Amino acid sequence: MDIHSHAQPARVRVTHASLDLTLDFEAQRADGSVRLDLERSDLSAPLVLDSQALQIGRVEGADGTPREHQLGALDPQLGSALTITLLPGDRSVRVHYRTTKDTQALQWLAPEQTHDKRKPYLFTQGQAILTRTWIPLQDSPGVRITYDAVIRCPAGLTPVMSAEQLGQGQDGAWRFRMQQPIPSYLIALACGEIAFRPISERCGIWAEPGEVDAARAEFEDTERMVQAAEKLFGPYRWGRYDLLILPPSFPFGGMENPRLTFATPTVLAGDKSLVSLVAHELAHSWSGNLVTNATWSDFWLNEGFTVYFETRIMEAVYGTERAQMERQLAIAELERGMKELEPWQQVLHTDLRGHHPDDGFSDVPYTKGALFLTRLEELVGRPRFDAFLRKWFDEHAFQSVTTADLRAFLARELFAGKPATGIDLEAWLEQPGLPADAPRPATASLARVDLEVQRWNKSHDADALLTDGWVTQQWLHFLEGIAEGIDGSSLRALDARYRFTSSGNCEILDVWLRLSIRCSYAKADARLEEFLMQVGRRKYLEPLYKELARSPSGLERAKAIYAKARPRYHAVSQGTIDTLLDWK
Ligand code: BES
Ligand code: ZN
């Protein structure tokens, strides 16, 4: 049972969607139809779809004759139920529709908002429950469908999808198909001036022409990552693995759309220091896309497994030290963030009744989820745990699963059918906080940084610090380490020595800008504004606006910047910052 969908798949289930859309960049609208193929267990039942912010037109049967339909009351979070009365012989229906200005999944960008600033751009973001705002369908991760699509767009633009590309036909339309059953949140489309560069037979980069070579260089290890992943947990089952680098307003770091990960350009640091994002999205090809959370309460099954798997890929390709540094940073972040979460949000298996799936989004499903798996690995040993995970993926391939499914599988495969020993599953899965047996990685690289933090705390002498050869993760640890008790003059000294304000590494810049706001370090003001005007990644926006909003003058400044920047953000980021700033 999925409380975030109106669909009733036990009675009538959609098995395939066939999209036909025309993209109108002037009107900022997609217009066309979707044919839905049906499996009917209850012949008396209507087809119930999710639909939000769509203008629904004619609904017809396979023969083109109309079917009665009705749009239910609007729930501001879930949209409306679109109920279609079926005739006894109906095996499919076609719904004609167009998107509207309120279609949250889509972001239409003006040329100025792209990297090359020449052509407009469009991209979609489906997770968690936004696919219903661009396609009327059963928008639940418990319902898997195959799909195909015909996309028409202006000449000079190239559409790409989370699907196999069949190319452009005589009629100018582009065709796609996804033959493996996927949950609706993984249907994705982007369209703009984009070019392709291969990395290997099956891997490559899509990005705007002015950025594609830099992106290819940054992500040249992608094929090695896929091979490492396959060696760990079985074959990559999706054919190609490509990356699409989006314009900077993309609201997430990455999105694991099958065959084609969508990624923020903020990971292009020039030194591969942020490529764990690729390991993460790639790992979702197993945990998430192959084995999918059945409801959003089981979201940790997607993200916790993925972070664990990401770490294993990083370890295989870049070594244990790098992988463990990233873990250590994430755990510190979790512990800082946990304090601000309500108890229900600290639980892995969340009770989302009365909540939007987004309300459960935090470091908990990610980092606490991964720690749970790391703890199990510790308990049974790596060889047994690897075999366990591989079997989990193989036995549940192309299925949607719940936390209860995992518990049953754990009991059967790791604990010989008896109650688990050596770990309190109830505490890990159903209770708030971090259990005392949570593993705590400690790395030599970050221990060295701790010494410099101490030195800094004693002397406040930027020139006395021993930072030769430090990598991004060490700088991040350093900046977090000195955050307590820092002031404006210290920031000035550090900036003079290390030029943080002009850092081209968005992770470092993000922490630095937060410190700058806290200490009213005016020299970073212009950079902050520029960053907020350009980048739409929610993970950066939220803490920066939050930090600004802590003082009355900062709040005023936040609102002044947001008034200008808001139209440039995707609806997902707008929603979060609207709430934060109480924006009307
Ligand atoms: N699937 C998520 C993004 C997501 C989650 C979108 C929930 C909408 C709702 C993706 O795999 C992810 O976790 N992205 C992270 C990056 C990652 C390296 C932790 C992000 O966007 O920051
Ligand atoms: Zn993820």
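Here are some notes:
- Condition check for Arg216: basic (Lys, Arg), part of a loop (DSSP other than H, G, I, E, B), away from ligand 1 (no atom under 16 Å from the Cβ) and more than 19 Å from Phe361 (Cα to Cα): no
- Selection status of Thr261, touching a helix residue (DSSP H, G or I) at 6+ places or on another chain (Cβ under 7 Å), assigned to a strand (DSSP E or B) and buried (at least 24 other Cβ atoms within 10 Å of the Cβ): yes
- Some residue of the range 306-321 being touching a Pro at 6+ places or on another chain (Cβ under 9 Å) and away from ligand 2 (no atom under 16 Å from the Cβ): no
- Qualifying residues in the range 251-270 (those that are within 14 Å of ligand 2 (Cβ to nearest atom) and among the hydrophobic types (A, V, I, L, M, F, W, C)) - the one farthest from Pro159 (Cα to Cα): Val267
- Considered as a group, the residues in the range 282-299 that are within 11 Å of ligand 1 (Cβ to nearest atom), assigned to a helix (DSSP H, G or I) and in contact with a strand residue (DSSP E or B) (Cβ under 9 Å, 6 or more places away or on another chain) include one that is farthest from Glu223 (Cα to Cα), and that residue is Phe299.
- Among the residues of the range 269-281, those that are in a helix (DSSP H, G or I) and either surrounded by fewer than 22 Cβ atoms within 10 Å (Cβ to Cβ) or of a type in the set (Val, Ile, Thr) (or both) comprise Leu277, Val278.
- Those residues of the range 188-219 which are surrounded by fewer than 16 Cβ atoms within 10 Å (Cβ to Cβ) and either modelled with pLDDT under 95 or over 30 Å from Ala110 (Cα atoms) (or both), in sequence order: Ser200, Glu201
- Test: residue in the range 221-232 that is within 16 Å of ligand 2 (Cβ to nearest atom), within 25 Å of Phe305 (Cβ to Cβ) and not in a loop (DSSP other than H, G, I, E, B): yes
- Residue that is touching a strand residue (DSSP E or B) at 6+ places or on another chain (Cβ under 6 Å), hydroxyl-bearing (Ser, Thr, Tyr) and within 16 Å of ligand 1 (Cβ to nearest atom), where the choices are Thr124, Thr99, Thr133, Thr114: Thr124
- Meets criteria (part of a helix (DSSP H, G or I), modelled with pLDDT of 95 or more and crowded, with 20+ Cβ neighbours inside 10 Å) for Gly369: yes
- Among the residues making up the range 529-584, those that are among the hydroxyl-bearing types (Ser, Thr, Tyr) and either closer than 19 Å to Pro248 by Cβ or touching a residue at least 12 places away in the same chain (Cβ under 8 Å) (or both) are Tyr540, Tyr545, Tyr562, Tyr569, Ser573, Thr576.
- Pairs with Cβ under 7 Å, 6+ apart, first in the range 249-263 and near ligand 1 (Cβ under 6 Å from one of its atoms), second aromatic (Phe, Trp, Tyr): Gly254/Phe262; Met255/Phe262
The values are calculated or read from the model by the stated rules, or taken from the named source; none is laboratory data. For clarity, every value in this text was computed on a predicted model and none was experimentally measured. So basically every Cβ, Gly included, is an ideal-geometry build from the backbone, and we count neighbours across all protein chains shown.
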